[in-house]
Amino acid sequence: MASSSSTLVLSTLFSSHPHQTLNPNKNKSPFSSHTKRPFSSLTLKVSTFVKPKQPPPFHIPHNHQIRLSRQFRAYITVRDGADDGGGGDGDGNEQPVVGEDSAEFILSKQKISSWVYFTAILGSVLFILNVAWIDNSTGFGKPFVDAVSELSDSKEVVMLILILIFAIFHSGLASLRDTGEKLIGERAYRVLFAGTSLPLAVSTVVYFINHRYDGVQLWELKNAFGVHEFVWLSNFISFLFLYPSTFNLLEVAAVDKPKMHLWETGIMRITRHPQLVGQVIWCLAHTIWIGNSVAVAASVGLIGHHLFGAWNGDRRLAVRHGEAFEVVKRRTSIVPFAAILDGRQKLPKDYYKEFIRLPYLSITALTLGAYFAHPLMQAASFRLHW
């Protein structure tokens, strides 16, 4: 590793600018006509271009290499035509990763202070949310739900209106993210986004819990053989798909500066929009279990919102990441496993290791905990009388 710094930088520079030379003496250029090797295979030393008494260009230590990021090297590979966006490099090798490694969690890079801030922020947000929205004696949650409920006597219509209001603010603020971040900064805009979306999401969830059995019963399958097990397993799987939207919790809480990530590994290899897939699985499972018109209305609204979110998300990523996103888009799919089956996505041999990471293990534990906490969540919702 010690001898490769200038080598890789200089060969990269000449690959990008084949008509450039660092040697002012053109007659003694190391790329004279008798040199037949391609630029990418040349091994160049700083001493070839710089006299020993002169400092190396870019202040590169003598005989050292610069290590380019995997994403940049992959982008150069794809840009130069070594990868066609579909099955590796043509020789059976793995595809170079252009996007980011999702769910990566390196313990040595974590700061205790960051997680202390995260805990303090989370506690503060929950306290403010309770006082300003959830608590019926001080918050605006109940008046908001009551106002929406006055628009129709139909629980199905009210359910759809609540989802529509949430979708307008959630997707609307997401669409305005680039402009908003330029005006007030990334962290401030994340606070605005979360502060608007979270209360509306809580209202929608609480209303669904409280009125999920108020609709017209369309079927009754709770006692059918295997239905409980199927619904439980489906819900469990759905949360493994839903979680990737919050791969970096420190950014969600604005402890770290929020970024618009281009994830590519892990669950993203299965589907480019795991939150959409997870929501569809969750909705189907709950609709099968409950079997009435309110559940159907909730599922239609939520799936419709996530379909729009998938389209809007692709649009925003294309604007932010350009060609890199187009490469990821070509080698992934919205329908789970579609890109893998048609050969556009080539899984690494150790693909399973991309799931053996703390974020996935944490969401597994939280999903199990949420299942056993269902009675507590239902009781808390009933006490609100929304």
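The values are calculated or read from the model by the stated rules, or taken from the named source; none is laboratory data. All values derive from a computational prediction rather than experimental measurement. As a convention, Cβ positions derive from the backbone with ideal geometry for all residues, glycine included, and neighbour counts pool all protein chains shown. Please note that ligands, DNA and RNA were not included when accessible areas were found on the heavy atoms of the full protein model with its side chains. Shrake-Rupley method; radii C 1.70, N 1.55, O 1.52, S 1.80 Å.
If HIS170 satisfies every condition in (1) farther than 30 Å from LYS257 by Cβ; (2) assigned to a helix (DSSP H, G or I); (3) not acidic (Asp, Glu) but one, which is the exception?
(1)
Check GLY266 against each of (1) within 25 Å of the chain's Cα centre (by Cα); (2) crowded, with 18+ Cβ neighbours inside 10 Å; (3) farther than 30 Å from GLU100 by Cα; (4) in contact (Cβ under 8 Å) with a residue 40 or more places away in the chain and name the one condition it does not meet.
Result: GLY266 fails condition (3) only.
Inspect all residues belonging to segment 178-191 and state whether any of them is of a type in the set (Ser, Thr, Tyr), under 19 Å from the mean Cα position of the chain (by Cα), within 30 Å of LYS353 (Cβ to Cβ) and in a helix (DSSP H, G or I).
no
With the structure loaded, tell me whether SER175 is of a type outside the set (Asp, Glu) and open to solvent by less than 40 Å² (accessible area, probe 1.4 Å) or whether it fails that test. Talk me through it step by step, then tell me what you get.
Details: of a type outside the set (Asp, Glu): yes; open to solvent by less than 40 Å² (accessible area, probe 1.4 Å): no.
So SER175 fails the test.
Taking the criterion of being charged (D, E, K, R), at pLDDT 85 or above and either open to solvent by 90 Å² or more (accessible area, probe 1.4 Å) or in contact with an Asp or Glu (Cβ under 8 Å, 6 or more places away or on another chain) (or both), would at least one residue in segment 87-102 satisfy it? Lay out the reasoning, then the answer.
First, the residues of segment 87-102 that are charged (D, E, K, R): 89, 91, 94, 100-101.
When the remaining residues are screened for being at pLDDT 85 or above, the result is 100-101.
Those left that are additionally either open to solvent by 90 Å² or more (accessible area, probe 1.4 Å) or in contact with an Asp or Glu (Cβ under 8 Å, 6 or more places away or on another chain) (or both): 100-101.
Scanning segment 87-102 turns up at least one residue that is charged (D, E, K, R), at pLDDT 85 or above and either open to solvent by 90 Å² or more (accessible area, probe 1.4 Å) or in contact with an Asp or Glu (Cβ under 8 Å, 6 or more places away or on another chain) (or both).
Any chance you could count how many residues in segment 328-361 are surrounded by 12 or more Cβ atoms within 10 Å (Cβ to Cβ) and either within 15 Å of ARG272 (Cα to Cα) or charged (D, E, K, R) (or both)? First the steps, then the outcome.
Keep residues of segment 328-361 that are surrounded by 12 or more Cβ atoms within 10 Å (Cβ to Cβ), which gives 328-340, 344-348, 351, 354-355, 357-361.
Imposing the further condition that a residue be either within 15 Å of ARG272 (Cα to Cα) or charged (D, E, K, R) (or both) reduces the set to 328-340, 344-347, 354, 357.
Count: 19.
From the list LEU240, LEU307, LEU317, LEU302, which residue is in contact with a helix residue (DSSP H, G or I) (Cβ under 8 Å, 6 or more places away or on another chain), open to solvent by 20 Å² or more (accessible area, probe 1.4 Å), at pLDDT below 90 and not in a loop (DSSP other than H, G, I, E, B)?
Numbers: LEU307 fails: at pLDDT below 90; LEU317 fails: at pLDDT below 90; LEU302 fails: at pLDDT below 90.
Within the list LEU240, LEU307, LEU317, LEU302, the selection yields LEU240.
Out of curiosity, is ALA132 in contact with a Pro (Cβ under 8 Å, 6 or more places away or on another chain), small (Gly, Ala, Ser) and assigned to a helix (DSSP H, G or I)? Before the answer, list the steps.
Details: in contact with a Pro (Cβ under 8 Å, 6 or more places away or on another chain): yes; small (Gly, Ala, Ser): yes; assigned to a helix (DSSP H, G or I): yes.
In short, yes.
Do the conditions hold for VAL125, that is, is it more than 30 Å from ASP214 (Cβ to Cβ) and in contact with a helix residue (DSSP H, G or I) (Cβ under 9 Å, 6 or more places away or on another chain)?
Values: more than 30 Å from ASP214 (Cβ to Cβ): yes; in contact with a helix residue (DSSP H, G or I) (Cβ under 9 Å, 6 or more places away or on another chain): yes.
The answer is yes for VAL125.
Consider PHE144 against the criteria (1) assigned to a helix (DSSP H, G or I); (2) in contact (Cβ under 8 Å) with a residue 60 or more places away in the chain: it satisfies all of them except one. Which criterion is unmet?
Every listed condition holds for PHE144 apart from (2).
Could you say whether any residue in segment 223-239 is within 30 Å of TYR117 (Cα to Cα) and under 13 Å from the mean Cα position of the chain (by Cα)?
no
For segment 196-208, check the following and say yes or no: at least one residue is more than 22 Å from the chain's Cα centre (by Cα), more than 19 Å from TRP386 (Cα to Cα) and either modelled with pLDDT of 95 or more or open to solvent by less than 40 Å² (accessible area, probe 1.4 Å) (or both).
The answer is no, given that none of the residues of segment 196-208 is more than 22 Å from the chain's Cα centre (by Cα), more than 19 Å from TRP386 (Cα to Cα) and either modelled with pLDDT of 95 or more or open to solvent by less than 40 Å² (accessible area, probe 1.4 Å) (or both).
Working carefully through the options SER137, SER108, SER114, SER124, find the one that is out of contact with any Asp or Glu (no Cβ under 6 Å at 6 or more places or on another chain), outside any loop (DSSP other than H, G, I, E, B) and open to solvent by 70 Å² or more (accessible area, probe 1.4 Å).
On the way: SER137 fails: outside any loop (DSSP other than H, G, I, E, B); SER114 fails: open to solvent by 70 Å² or more (accessible area, probe 1.4 Å); SER124 fails: open to solvent by 70 Å² or more (accessible area, probe 1.4 Å).
Exactly one of SER137, SER108, SER114, SER124 is out of contact with any Asp or Glu (no Cβ under 6 Å at 6 or more places or on another chain), outside any loop (DSSP other than H, G, I, E, B) and open to solvent by 70 Å² or more (accessible area, probe 1.4 Å), namely SER108.
Given the conditions (1) open to solvent by 20 Å² or more (accessible area, probe 1.4 Å); (2) in a helix (DSSP H, G or I); (3) not polar (S, T, N, Q), and given that PHE325 satisfies all but one, which numbered condition is not satisfied?
It is condition (1) that PHE325 fails.
If you check GLN110 against the conditions, is it free of Cβ contacts under 8 Å to residues at least 24 places away in the same chain and farther than 30 Å from THR204 by Cβ? Quick ask: steps written out before the conclusion?
On the way: free of Cβ contacts under 8 Å to residues at least 24 places away in the same chain: yes; farther than 30 Å from THR204 by Cβ: yes.
The answer is yes for GLN110.
Kindly provide the set of residues from segment 336-386 that are part of a helix (DSSP H, G or I), closer than 30 Å to HIS211 by Cα and among the aromatic types (Phe, Trp, Tyr), ordered by number.
Initially, segment 336-386 is screened for residues part of a helix (DSSP H, G or I), giving 338-341, 351-354, 358-372, 374-384.
Then drop every residue that is not closer than 30 Å to HIS211 by Cα, which leaves 363-372, 374-384.
The answer is TYR371, PHE372, PHE382.
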